[in-house]
1. Hey, among Lys167, Lys174, which residue is more than 27 Å from Phe53 (Cα to Cα), modelled with pLDDT under 95, in a loop (DSSP other than H, G, I, E, B) and not aliphatic (A, V, I, L, M)?
2. Can you tell which of Arg52, Arg74 is under 23 Å from Ala115 (Cβ atoms) and open to solvent by 40 Å² or more (accessible area, probe 1.4 Å)?
3. Pull out all pairs, ordered by first then second residue, where Cβ-Cβ is under 6 Å, the residues are six or more apart or on different chains, the first lies in segment 26-48 and is within 30 Å of Thr64 (Cβ to Cβ), and the second is open to solvent by less than 50 Å² (accessible area, probe 1.4 Å) and acidic (Asp, Glu).
4. If a residue must be surrounded by fewer than 20 Cβ atoms within 10 Å (Cβ to Cβ) and under 15 Å from Phe121 (Cα atoms), how many such residues does segment 85-109 contain?
5. Here is a check on your reading of the model: is Glu9 of a type in the set (Asp, Glu), open to solvent by 30 Å² or more (accessible area, probe 1.4 Å) and at pLDDT below 90?
6. Given the condition in contact (Cβ under 8 Å) with a residue 12 or more places away in the chain, within 22 Å of Ile33 (Cα to Cα) and open to solvent by less than 80 Å² (accessible area, probe 1.4 Å), answer yes or no: does some residue in segment 154-177 qualify?
7. Scan Val136, Val148, Val122 and give me the residue that is out of contact with any Leu (no Cβ under 6 Å at 6 or more places or on another chain) and either of a type outside the set (Lys, Arg) or within 16 Å of Lys82 (Cα to Cα) (or both).
8. Give Phe131, Phe112 a once-over and let me know the one that is open to solvent by 40 Å² or more (accessible area, probe 1.4 Å) and in contact with a strand residue (DSSP E or B) (Cβ under 9 Å, 6 or more places away or on another chain).
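The values are calculated or read from the model by the stated rules, or taken from the named source; none is laboratory data. For clarity, every value in this text was computed on a predicted model and none was experimentally measured. Positions of Cβ are generated from backbone atoms using ideal geometry, with glycine treated the same way; all protein chains shown enter the neighbour counts. Just so you know, the surface numbers come from the protein's heavy atoms only, side chains and all, with ligands and any DNA or RNA stripped out. Shrake-Rupley method; radii C 1.70, N 1.55, O 1.52, S 1.80 Å.
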Amino acid sequence: PVSSNASIETTKTHKDSQPSYVLELPPGWTQMIVGSVTNYRVDPISVKPPFRFDLEAVASGFSTNGDNTLFVCRTNPGSEFKASLKVTATSLQSRNGIMLRESQKPDSAFLFIGASSQMIFVYRRDDKGAFDSTNVDIPKEAAISIIVKFDQTEGGKSMEASLFDSKQWFPFPKLTIPVNAKTLVGFAQSSGNNEKVVKAQFIDVSPSKEK
């Protein structure tokens with residue numbers, strides 16, 4: 001199975017918008033524009049493990065009517081996809097984290113866990129279109145590094161999101177999504193509005209292994 005550990009660092013919103021462009025990504029990875037995303041940039045700083053991506057975009061984020069987010073992903077989440085998240089941006093509206101997604105369609109089923117500068121957010125749209133969300137404060141013990149992951153539930157046919165509070169995993173068992181070898185998994189970034197650009201840095205620190 002594929003196992004991934006990742007570090008995500010979100011930097012301050014910058015003033016100047018950049019032209020949309022994408023450089024060559026590592027084998028197996030691709031960028032997707034979900035919904036409406038402008039002034040986006042996908043810059044693979046390292047195309048060999050550990051993979052590092054610098055992302056920036058203007059995108060409104062997740063909503064009941066459909067999603068608008070920049071998504072750098074691969075298929076096949078395996079048994080676990082884990083990320084270490086560091087947030088330094090002051091934007092309360094930005095969402096930077098990891099996502100499982102059925103397809104590129106804005107109303108596709110998905111599961112997201114990530115953070116703004118102050119909160120942890122979990123969003124899920126099921127295969128019937130029902131949208132659910134929850135949020136919790138960032139654990140004080142995790143002020144330096146927030147660790148989130150997706151892992152398989154019992155039976156291995158779906159995955160749930162969890163947050164680590166430095167002592168134990170805190171799962172969100174009511175928000176799960178079915179997965180298979182074609183499920184998309186990776187890093188999602190949105191600024192939270194249609195004007196400001198937020199820059200984020202994502203590092204996958206373990207080699208990608210294909211089934």
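1. Unique residue meeting the criteria: Lys167.
2. Of the residues listed, the single one that is under 23 Å from Ala115 (Cβ atoms) and open to solvent by 40 Å² or more (accessible area, probe 1.4 Å) is Arg52.
3. From segment 26-48, the pairs are Val34/Asp67; Gly35/Asp67; Arg41/Glu56.
4. Residues in segment 85-109 being surrounded by fewer than 20 Cβ atoms within 10 Å (Cβ to Cβ) and under 15 Å from Phe121 (Cα atoms): 4 in total.
5. Spelling it out, Glu9 is indeed of a type in the set (Asp, Glu), open to solvent by 30 Å² or more (accessible area, probe 1.4 Å) and at pLDDT below 90.
6. yes
7. Of the residues listed, the single one that is out of contact with any Leu (no Cβ under 6 Å at 6 or more places or on another chain) and either of a type outside the set (Lys, Arg) or within 16 Å of Lys82 (Cα to Cα) (or both) is Val136.
8. On inspection, the qualifying residue turns out to be Phe131.
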